[in-house]
Structure formats: C-alpha cells, structure tokens
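Here the structure is laid out as structure tokens; the discussion comes afterwards.
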Amino acid sequence: MLQIFKTVEGKLTEIDEIQDGCWVHLTDPSPSECKVVIDRLALEPDYIIAALDEEESPRIENDEGQTLVIVDLPTVQPEGGTFLYNTIPLGIVHCEKALITVCLKESTIIDNFIEGRVRGFSTTKKTRFILQILYRNASRFLQYLKQIDKASTLIENELHKSMKNRELIQMLKLEKSLVYFSTSLTANELVMEKLLKSEYIKKYPEDTELLEDVIIENKQAIEMCNIYRDILSGTMDAFASIISNNLNIVMKMLAAITIVLAIPSIVSGFFGMNTWVPLEGTPVGFWIIVGIAMALSAATAFLLWRKKMF
C-alpha cells in the first residue's frame, strides 16, 4: 500500500502525487508501487528492497545524498492462547525531496503519525521526523516490556496452582520474545550512536537533544529487557527444579507403597509352596498367615513413615 502525506498549514493531509517536502509511506508494497517511488525520487532500489526483508539487520547507509536508516520495530501477535512478541524492520530513507518509510506490516508507531497523535510533527522537518519515529519506537519497546512483565507474573501465579506444560510453554515464549527484543534494541542503539556521530543527516541543536533523549530511552529499554530476561530465566529454572522435586516425591511415595504391598506377596509365596509348611493342618492357619502379612506390612509402613518416605 502506498500513502503520501504532506503537512499543509500545520495539518497532515493525504495527497495523490509525490511533492517536495512530503512523506511517502509504503506498507507491504507491490513491485509497481516500489517502482513508482524509486523512479519519482530517483532512489537507490536496494534502499526500498532492504526494508522488505524480515531478516534485515538495523543499520545506516549513505550514498549520494540519500541516507537509509533501518531499525527494528516491536510487534505483538496472538499465538496459541497467548501473545508472541517479535520485531520487524522499518526502513527510513532520507532524500532531498521527501522522506520515505517502508515496512512489511502496519505499525501503531506509524499510525500515530498518520492519525495526528504526535505533537510538533511536520513532514517538512525530515530530521526531526526521523528522531520522533525513533523515540516512539523506543517508547513502544518499553510499553511491550511492561506487558511481558505483567504476563509473566500472571503465568507465574497460574504455575503456583497447577504445574502444567501449558504455562511453562507460555513462559518459554515470553523468554524467547525478550531475546528478540534484547537483540533488536542493541542493534538499534548502534544505529543511533552512529547517527549521532555521523553527518549523514543535517542536525540542529534541538534535534541533537532529541536524539540524545532517544538514546537514553533506548538504553533504558535495554536495561529493562535484561532485567526481565534474568528474572524470567531464574523463574523458569526455579519452576523446573520444583517440578523435578515434585516428581521425585511422587516416585519416592510410589516406591514406598510398592515395598509395603510386596510383603503380603512374599509371605503368601512362602506359604503357597507345594511342600509341607507350618500351619498346614490348622483350621485358622489362613487367618494367622494374613495376620502375619498385615503385621509385617504395618511395621514396614511405620518404619518408612519414620524415614519420611510418605
């Protein structure tokens, strides 16, 4: 999908043609839409194609006055009764006439700009626009990290009630999401540091301040991600130990019950031989043997109970 916007009299307006000072947004574009943008703005084709690769790593490139900035955006999608958090690349191309953003999926970060929820946003201020996107992106990472923390707490409470594989699998998915976030945030930080030091994009004093705020916000997200990942990893290890301990307790109890139940079988085996045995001609011999078996079983059960096998 191809959308073109321009700030007119302080208001974002969608237009039909690419003009100077406009913002071109491509969401999962078709080859024909990509060609229109590339031809109209004389862009490097690889700059548009790169952002459409899900495995593309965050980076910054510059060639003949055109700058490509690729960062990872956080995404969330339902999966198996829970949510899986992941990241997708967002390409930002800064050229003389316009600013182009390219993404494989719709993003709430971009939607906030389209719907006018970002203060001080103007398509003519391309440098500030890029930094506003990066700031919103870092804030969205923080928001999703808080959601992951709340989800892990709820799952932990469920695990206290019942040790089921379902809850453990959900915890594993959250841990996997934190790994994705940690990798993407670290890569985004390198892009921002390079953007701060480089002269690819003209920066004004207020823009430099905003970029520093973006870097601080991103560092905070990295720290939170590492903390939550360590907590979640420790929780997973603790519950794995609890489940293993519970299994040992069950196996110990089953072994004790097996020993107690084996004694009557041993006694009846001795008195069931085809040779002469004591109490063979006694009318109450059967009950005496049953009593002996019960007494031995009771004594064994008492000893095992003293040894805390039950």
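Return M236, M171 ranked ascending by Cβ neighbour count within 10 Å, so the fewest neighbours appear first.
M236, M171
Given R₀ = 25 Å, FRET efficiency for A262-F286 by Cβ-Cβ distance, to 0.05?
Between A262 and F286 the formula returns 0.80.
How big is the stretch 2-244 along each principal axis, measuring the range of its Cα positions in Å and listing the largest first?
Per principal axis, max minus min of the Cα coordinates gives 65, 38, 32 Å.
Given 0.36 nm per residue, what is the gain on full extension from S57 to K146 after removing their alpha carbon distance, in nm?
29.6 nm
Can you work out ³J(HN,Hα) from phi for every residue in the stretch 108-122, in order, using Karplus 6.51 cos²θ - 1.76 cosθ + 1.60 and θ = phi - 60°, giving whole Hz and x for Gly and Pro?
Ordered by residue, 3J(HN,Hα) equals 5, 5, 5, 4, 4, 6, 5, 8, x, 8, 9, 6, x, 8, 8 Hz.
Please compare each pair in K126/K197; K197/K219; K105/K197; K105/K126; K6/K194 to a cut-off of 24 Å on the Cα-Cα distance and tell me which ones are over it.
In this structure, K105/K197; K6/K194 exceed 24 Å between Cα atoms.
What FRET efficiency comes out for the pair M294/T82, r = Cβ-Cβ distance, R0 = 45 Å, nearest 0.05?
FRET efficiency, M294 to T82: 0.30.
For A255 and K176, calculate 0.36 nm times their separation in residues minus their Cα-Cα distance, and state this gained length in nm to one decimal.
The span from A255 to K176 would gain 24.6 nm if fully extended.
Helix 126-161: angle to the longest alpha-carbon principal axis of the chain, degrees 0 to 90, nearest 10?
10 degrees
What percent does the relative contact order of the chain come to when contacts are Cα pairs within less than 8 Å and at least six residues apart?
About 15 percent, as a whole number.
Report the FRET efficiency, 1/(1 + (r/R0)^6), for T186 and E44, where r is their Cβ-Cβ distance and R0 is 25 Å, rounded to 0.05.
0.40
For a quick check: with amide H placed at 1.01 Å from N, whose amide H comes under 5 Å from L104's, ignoring anything fewer than 5 positions away on the same chain?
Under 5 Å from the amide H of L104 lie the amide H atoms of D28, each far enough along the sequence or on another chain.
Alpha carbon centre of the stretch 237-310 versus the stretch 1-71: separation in Å?
Rounded to whole Å, the Cα centres lie 78 Å apart.
Send over the semi-axes of the stretch 248-306's equivalent ellipsoid, whole angstrom and largest first, taken as the square roots of 5 times the C-alpha gyration tensor eigenvalues.
28, 12, 6
Once phi is turned into θ = phi - 60°, what whole-Hz ³J(HN,Hα) does the Karplus curve with 6.51, -1.76 and 1.60 give for every residue of the stretch 177-189, x standing for Gly and Pro?
4, 5, 5, 4, 5, 4, 5, 5, 5, 5, 5, 4, 4
Rule-based calculations on the coordinates, nothing more; no lab input. Remember, it's a predicted structure, so these values are computed and weren't measured experimentally. Positions of Cβ are generated from backbone atoms using ideal geometry, with glycine treated the same way; all protein chains shown enter the neighbour counts.
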